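Undergrad: Dropping a structure here in structure tokens format, bear with me for questions.
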Amino acid sequence: MSMREKVYDVFARKDRGDQLVHIGYVDAFDDDTAKVHAWTTYDEERWFEMCVVERTAIIPVNRQDGPFAKARREAHE
Amino acid sequence: MSRFTEEELIEKVQNGYMVESPEDMTEGYRKALRVQLTVQADTELMSAPSYWMAARHAPSTNTQVSAHAIIQDELAHANIAYRLLEDIGESKEHLVYGRQPHEFKHPYGFDQPLDNWADLVVANGFFDRAGITLLSDVYHNTSYAPLKRALVKVDMEETFHLRHGEVWMRRLSKAGGEASEMLQRSVDWMFPMTIEWFGLPDDLKRHSGQLDYKLKGLTNDQLRQVWMASTVPLCEELGLDAPAHWDQEKEEYVLDYPFPCQYDAEEKRWAFDEGEISWDDVFARWKGRGPMNEIYVESVQRSRMDVSRWFNGKAAA
């Protein structure tokens, strides 16, 4: 285990029926700490649902110049 | 290599183009954004130890909770701004843990000690209002889309900090006696401190590119006016002396003291009687940093080194 952190993107919906939207991102050692960091960092609303996903797990579809594509490239370097 | 020239990008953002990723940026744009985000992140970060050390003066457990909720928000805002910096190629690790205290870019106000509860609530009322003034201008005008999205949360929470400051300023002023004397003392040093925070007047401002790239919308003097437009009436309503007034002829707020002027950090007193100084003198004072600079930065950085050492089983570099 090291102090090296990974990037996790945070998605949430405010109320039942709302869209799930990208609200930001956190750094964390692993999935469990990412959940804690997301919940305590983005506490401006009482979210109906919140999820985190490691940035490298997001597969860009139509463009290769966004942060998600960059994260995947860096993970494979 | 950018897909646009500097001139092309400036024209595009002035016409409403939103920048989404480093590939959309020119080198000039990236540099201007980096400077802006570094100031923003460092200011949020350094407010945390400043407020944290002052929170021990909270008069009840409930007020302790409110004070710490504000600190938690500030750290989250700092974290978000440093993450935005990582997206444009900077290292959060270096920015937070690898710099010397004097290398941080926060305003001089956050190098000062907040010595009592009145100092803390006036900091919320004045400094956080400066934060909202600056950041809501960025929110409404920025051409950098990830920053605009991030500021939704920041704006929501800074408004709560400001309300906390105002509610407590009102309570202290109503109480009269020592409570309002302490409040006035905090206003006396923090009003000019916040005025100075907005930086060089427009007629002396060196070209920064932040307006050209639409990273902000208002100039320093305009932002100073926005801050005074809400702060001066608040002080008047609470019976506090603030060294500024509305000038009917000029149709703007004007300061009642020589600006800029010298500050005695030990005494927490502005030397109004010594007259105006040059902005070079101000920059020299900012560069020398204030009395709490090293203490605040050290309080943020310390544990990182210790815990890294535990993980690595050897002394951290």
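What follows is calculated from the coordinates using simple rules that are stated; it is not laboratory data. This is a predicted model, so every value here is computed, not measured. We place every Cβ from the backbone using ideal geometry, glycine too, and count neighbours over all the protein chains shown.
Undergrad: Peptides B:140-148, B:72-80: what's the order by average Cβ count within 10 Å, highest mean first?
TA: B:72-80, B:140-148
Undergrad: Just tell me which lysines come within less than 16 Å, Cα to Cα, of B:Lys148; anything on the same chain fewer than 8 places away is out.
TA: B:Lys214, B:Lys216
Undergrad: Related question: How far is helix A:67-76 tilted off the main Cα axis of chain A, in degrees rounded to 10, range 0 to 90?
TA: 40 degrees
Undergrad: For the range B:1-93, which trypsin sites (Lys or Arg not before Pro) are in a loop by DSSP, counting at most 14 other Cβ atoms within 10 Å? Spell out each step's value before the answer.
TA: Details: sites: B:Arg3, B:Lys12, B:Arg30, B:Lys31, B:Arg34, B:Arg56, B:Arg83, B:Lys92; in loops: B:Arg3, B:Arg56.
When the trypsin sites (Lys or Arg not before Pro) of the range B:1-93 are filtered for loop state and at most 14 Cβ neighbours within 10 Å, B:Arg3, B:Arg56 remain.
Undergrad: Remind me, relative contact order of the range B:6-312 in percent, using alpha carbon pairs under 8 angstrom and six or more residues apart?
TA: For the range B:6-312, the relative contact order is 21 percent.
Undergrad: Rounded to the nearest 500 deg cm²/dmol, what is the calculated helix-only ellipticity per residue at 222 nm for chain B, with -39500 (n - 2.57) per DSSP H run of length n ≥ 4?
TA: It comes out at -20500 deg cm²/dmol, rounded to the nearest 500.
Undergrad: Here's something else I'd like to know. Please report how far the C-alpha centroid of the range A:22-59 lies from that of the range B:162-230, rounded to the nearest whole angstrom.
TA: 34 Å
Undergrad: If you don't mind, there's one more thing I want to ask. Can you compute 3J(HN,Hα) from phi for each residue in the range B:56-70, using the Karplus curve 6.51 cos²θ - 1.76 cosθ + 1.60 with θ = phi - 60°, rounded to whole Hz and x for Gly and Pro?
TA: Result, rounded to whole Hz: 5, 8, 4, x, 7, 5, 4, 6, 4, 4, 4, 4, 6, 4, 5.
Undergrad: Can you give me the convex hull volume of the Cα atoms of the range B:1-124, divided per residue and expressed in Å³?
TA: Value for the range B:1-124: 127 Å³ per residue.
Undergrad: Can you tell me the equivalent ellipsoid semi-axes for the range A:6-76? Use √(5λ) from the Cα gyration tensor, largest first, whole Å.
TA: Details: eigenvalues 103, 48, 13 Å².
The three semi-axes for the range A:6-76 are 23, 16, 8 Å.
Undergrad: Sequence-distant or interchain residues sharing an amide H contact under 5 Å with B:Arg269, placed H: which?
TA: Residues meeting the criterion, in which the H sits 1.01 Å from N, are B:Asp264.
Undergrad: Within 10 Å of each Cβ of B:140-151, how many other protein chain Cβ atoms are there on average? It would help to have the intermediate numbers written out before the result.
TA: Working: counts 0, 0, 0, 0, 0, 0, 4, 0, 0, 4, 3, 0.
Taking the mean over all residues of the peptide, I get 1.
Undergrad: Continuing with the same structure: With a/c under 1.5 counting as rounded, go ahead and sort the range B:221-284 into rounded, prolate or oblate using the C-alpha gyration tensor (a ≥ b ≥ c being the square roots of the eigenvalues; past the cut-off, prolate if a/b is larger than b/c, else oblate).
TA: Values: a/c = 2.14, a/b = 1.51, b/c = 1.41.
Prolate, since a/c reaches 1.5 and a/b exceeds b/c.
Undergrad: Rounded to whole Hz and in sequence order, give me ³J(HN,Hα) for the range B:140-146 from the Karplus expression 6.51 cos²θ - 1.76 cosθ + 1.60, θ = phi - 60°, writing x for Gly and Pro.
TA: Karplus values, whole Hz, x for Gly and Pro: 6, 10, 5, 8, 9, 4, x.
Undergrad: Find the Cα radius of gyration of the protein assembly as shown, compare it with 2.2 N^0.38 Å by division, and give the number to two decimals.
TA: 1.03
Undergrad: Checking the cross-link filter: which lysines have an alpha carbon closer than 17 Å to that of B:Lys153, excluding same-chain neighbours under 8 positions apart?
TA: Correct list for B:Lys153: A:Lys14.
Undergrad: Quick one: compute the contact order of the range A:6-76, relative version, from alpha carbon pairs under 8 angstrom and 6+ residues apart, as a percent.
TA: 32 percent
Undergrad: Can you tell me how much longer the chain between A:Glu49 and A:Gln64 gets when fully stretched, taken as 0.36 nm per residue apart minus their C-alpha distance, in nm with one decimal?
TA: That works out to 2.5 nm of additional length.
Undergrad: List the residues, sorted by chain then number, that are 5 or more residues from A:Lys6 or on another chain and whose placed amide H is less than 5 Å from its amide H.
TA: Correct list: A:Ala28, A:Phe29.
Undergrad: Which whole-Hz ³J(HN,Hα) couplings does the range B:71-82 yield from phi under the Karplus relation 6.51 cos²θ - 1.76 cosθ + 1.60, θ = phi - 60°, glycine and proline marked x?
TA: Going residue by residue, I get 4, 4, 4, 4, 5, 5, 5, 4, 4, 5, 5, 5 Hz, with x marking Gly and Pro.
Undergrad: Collect residues whose amide H, placed 1.01 Å from N in the peptide plane, falls under 5 Å from the amide H of B:Tyr253; neighbours closer than 5 in sequence don't count.
TA: The answer is B:Asp247.
Undergrad: Give the whole-number value, in cubic angstrom per residue, of the convex hull volume spanned by the C-alpha atoms of the range B:159-317.
TA: Cα convex hull per residue, to the nearest whole number: 209 Å³.
Undergrad: Okay, next question. Based on Cα coordinates alone, diagonalise the gyration tensor for chain B, multiply each eigenvalue by 5, take square roots, and list the semi-axes in whole Å, largest first.
TA: On the way: eigenvalues 197, 139, 70 Å².
Sorted largest first and rounded, they come to 31, 26, 19 Å.
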